[in-house]
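Worksheet: one structure, shown below.
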Amino acid sequence: MDVTGYLLYKSNMEKPDPSSILNCNLFGEAGDLPDVVHCETIETRSKLHDWELVPHRHARLHQVLLIEAGGGRATLEDDAWPLGPHTLVNVPTGAVHGFSFTPGTEGWVVTIASEMMDETLEPSEGLRHALARPAVFPADSMARPLMQQIFTEHAGRGYARAQILRSLTGVLLGRVARGLSDDGIATGNPDGSGLFRRFETLVEEHFLEHWSVADYAKALSVSPTHLSRVTRAAIGQPASRVIEDRMIREARRNLVYTNLPVSRIAYALGYNDPAYFSRVFSQATGMAPRDFRERVGGTQGAAA
């Protein structure tokens, strides 16, 4: 069993207490950055668990599923959705989700790391807001060949694999956002989940400015305490951790996929003191920036 696949579905080994939904992270917390896109068939893991994937959530992962044949039922947050052939399932970061598949169901699951979402989505285009809605909706004619391409490319090790995966994933996210919009799903009520998505969007726009929790709360017209309460409900973490995680993801990406000196990366991320940046990074990841870069092999990552 491959490690990333195991980590992705390990939440199904035991049923979680409904009051404490398990947070899962495909790529672990050790600091390594393998592929930031993962693709496999629905059968690969579901069959191991009698086609039942109990409710769980991923703090740093977005998932898109395509049901080609078969079906079942999806639980997305508090809603139950029927699944049938030729349907897409959008599972945003932090959304509680579970599946009960009809045995023999065919299709694919694409899992996208937050690093990839950060790189792919342009804030000005509003796709992050559209993709923040958990939903099931009809697949268009492009979904199947696109999923097949991603699956084939992910399974191989051909030249330009990383670039092709990035491009195909960008197309997938764009088509999912369009499908959500066409189906009238991309607009939602400003409940706690909606507030969290808006907070995520603001973090993406302002994290390099080192906004505080109070700054984000003011922009969202809520108190800092309420904002942290909402983020804890969404992903089990306070607002301050969400802000820090976004900065650390950007630091990790620069350390892995550029040759910039650590000091230059620190300045680019808005730190006036590279030594302070190193301390922040070490506290968050358990290793110094230079050690992290050496461990993951500099700019040799499989997908940026």
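Were the residues from Ala69 through Glu125 laid out at 0.36 nm apart, the gain over their Cα-Cα distance would be 16.9 nm. Modelled this way, with points 7 Å down the Cα-to-C-beta line, the labels at Leu48 and Gln163 are 3.4 nm from one another.
Using mean Cβ contacts within 10 Å as the protection proxy, how do 76-82, 134-140, 43-49 order, highest first?
Details: 76-82: 13.4, 134-140: 19.4, 43-49: 16.6.
In decreasing order of mean packing, 76-82, 134-140, 43-49 become 134-140, 43-49, 76-82.
Taking every C-alpha pair closer than 8 Å and separated by at least 6 residues, the mean separation divided by the residue count of region 192-296 gives a relative contact order of 20 percent.
Summarising the amide proton neighbourhood of His86: residues at separation of 5 or more, or on other chains, whose placed amide H is nearer than 5 Å comprise Ile67, Glu68, Ala69. Electrostatic tally near Ser141: other residues with Cβ closer than 14 Å to its Cβ, Lys and Arg +1, Asp and Glu -1, net 0.
How charged is the neighbourhood of Lys47? Take every other residue with its Cβ under 13 Å from the Cβ of Lys47, and add Lys/Arg as +1 and Asp/Glu as -1.
Values: positive: Arg45; negative: Glu40, Glu43, Asp50, Glu52, Glu106.
Summing Lys/Arg as +1 and Asp/Glu as -1 gives -4.
Computed from backbone phi with θ = phi - 60° and the Karplus coefficients 6.51, -1.76 and 1.60, the 3J(HN,Hα) list for region 164-173 is 5, 4, 4, 5, 5, 5, x, 5, 4, 4 Hz; x is used for glycine and proline. Spacing of the modelled spin labels on Glu209 and Ala155, each 7 Å from Cα toward Cβ, amounts to 4.7 nm.
In this label model, Tyr276 and Ala288 are separated by 2.0 nm, measuring between points 7 Å along each Cα→Cβ vector.
What residues of region 156-173 lie in the reach of a label at Gln148, counting those whose backbone N is under 20 Å from a point 7 Å from the Cα along Cα→Cβ? Zone members listed by number: 156-158, 164-173.
Values quoted throughout were computed directly from the atomic coordinates according to the rules given, and no laboratory measurement underlies them. If you're wondering where the values come from, they're calculated on a predicted model, not measured in any experiment. All Cβ positions, glycine included, derive from the backbone under ideal geometry; neighbour counts span all protein chains shown.
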